[in-house]
Amino acid sequence: MRSIRRICTILGTATLLFMAGAGSASANPLSSLPLDDLGRPNAQVLQQARDFVSQPWMPRELRGPVLAAVEFFEGGGEGGPELPENAPPFTQFAWPSVAGDCIGGQSDAVGSAIAVPGPVEIPFPGAEAGQTAFVFTALGTAPATPEQGGMFVHWININTLQTGAVELGNNGINPDGPATLSGTADTGYGTILAMATGDVRTEDATCSFVPTGAIVEVR
């Protein structure tokens with residue numbers, strides 16, 4: 001599991017840097033990236049990932065998590081928190097995170113994150129104009145404990161060069177599980193490059209998730 005986490009961290013960091021470079025070269029950064037309208041890998045990228053890890057020389061311990069991520073984005077896996085039909089526009093982080101020994105202290109869990117530019121009232125605690133709400137869900141896990149401390153979204157506004165970090169907490173989303181944390185950042189308006197990483201504390205485990213990233217337009 002440590003080797004998988006290391007690979008995910010390296011790939012995640014490299015992908016986020018690529019996204020940042022592509023974003024700074026275009027007035028509409030999302031249009032030049034291999035992502036769909038929610039910020040997720042598009043069908044071509046998912047098929048390329050599936051083909052790559054299906055090679056006979058690919059280690060089984062890496063093939064499983066990658067295929068699980070592909071199935072998650074294709075709709076075959078468990079989703080995150082349900083949003084109402086009139087939900088505000090949001091961006092899903094570009095790849096799922098993973099944490100070992102997270103479900104019941106024994107099984108791996110996939111983490112899914114979204115970003116919601118303000119002004120919005122949901123997801124709680126909401127966001128004002130010029131702010132961004134972030135939500136991280138540890139799929140398949142027990143409920144989050146009241147006290148958290150360790151899951152952060154680090155961000156940079158590439159238009160203003162303002163940077164910051166927001167700690168996500170238990171704000172009552174999905175009280176019966178899966179563990180879901182949220183928080184709001186004063187990102188300002190512009191193109192926001194965000195990375196979520198850290199620990200989620202559930203009733204039966206402390207889950208350390210590898211980084212996942214997103215590009216968010218706050219207008």
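The values are calculated or read from the model by the stated rules, or taken from the named source; none is laboratory data. Remember, predicted model here, so these are calculated numbers, not experimental data. A quick note on method: Cβ atoms are made from the backbone with ideal geometry, for glycine too, and the neighbour counts reach across all protein chains shown.
Have a look at Val200, Val210, Val216, Val153 and point out the one that is more than 28 Å from Gly104 (Cβ to Cβ) and β-branched (Val, Ile, Thr).
Val216
Could you check segment 111-124 and list, in sequence order, the residues that are of a type outside the set (D, E, K, R) and more than 10 Å from the chain's Cα centre (by Cα)?
Val116, Pro117, Gly118, Pro119, Val120, Ile122, Pro123, Phe124
Taking segment 82-106 as the region of interest, how many residues are small (Gly, Ala, Ser), at pLDDT below 85 and over 22 Å from Glu167 (Cα atoms)?
Matching residues across segment 82-106 total 2.
Considering only segment 141-151, state which residues are surrounded by fewer than 22 Cβ atoms within 10 Å (Cβ to Cβ) and either of a type outside the set (A, V, I, L, M) or closer than 29 Å to Glu217 by Cα (or both).
Correct list: Pro143, Thr145, Pro146, Glu147, Gln148, Gly149, Gly150.
Checking Ala142 against (1) closer than 17 Å to Phe90 by Cα; (2) touching a Pro at 6+ places or on another chain (Cβ under 9 Å): exactly one of these is not met. Which one?
(1)
Report the residue count in segment 188-217 for those that are in a strand (DSSP E or B) and over 25 Å from Asn174 (Cβ atoms).
5
Within the set of pairs 6+ apart or on separate chains, which have a first residue in segment 189-207 that is under 19 Å from Glu147 (Cβ atoms), a second that is outside any strand (DSSP E or B) and among the hydroxyl-bearing types (Ser, Thr, Tyr), and C-beta atoms under 8 Å apart?
Sorted first by the residue in segment 189-207, then by its partner, the pairs are Val200/Thr141; Arg201/Thr145; Thr202/Thr141; Thr202/Thr145; Glu203/Thr145; Ala205/Thr141; Cys207/Thr141.
Look at Ala138 and say whether it is under 22 Å from Asp101 (Cα atoms), buried (at least 17 other Cβ atoms within 10 Å of the Cβ) and not polar (S, T, N, Q).
Yes.
Quick one: would you say Thr187 is under 19 Å from Ala214 (Cα atoms), buried (at least 22 other Cβ atoms within 10 Å of the Cβ), touching a strand residue (DSSP E or B) at 6+ places or on another chain (Cβ under 8 Å) and modelled with pLDDT of 95 or more?
Yes.
Just to be sure, is Gly140 touching a strand residue (DSSP E or B) at 6+ places or on another chain (Cβ under 8 Å), without any contact (Cβ under 8 Å) to a residue 60 or more places away in the chain, part of a loop (DSSP other than H, G, I, E, B) and not polar (S, T, N, Q)?
So Gly140 does not fit the description; no.
So, in segment 170-187, how many residues would count as being under 18 Å from the mean Cα position of the chain (by Cα), touching a residue at least 40 places away in the same chain (Cβ under 8 Å) and assigned to a loop (DSSP other than H, G, I, E, B)?
Number of matching residues: 5.
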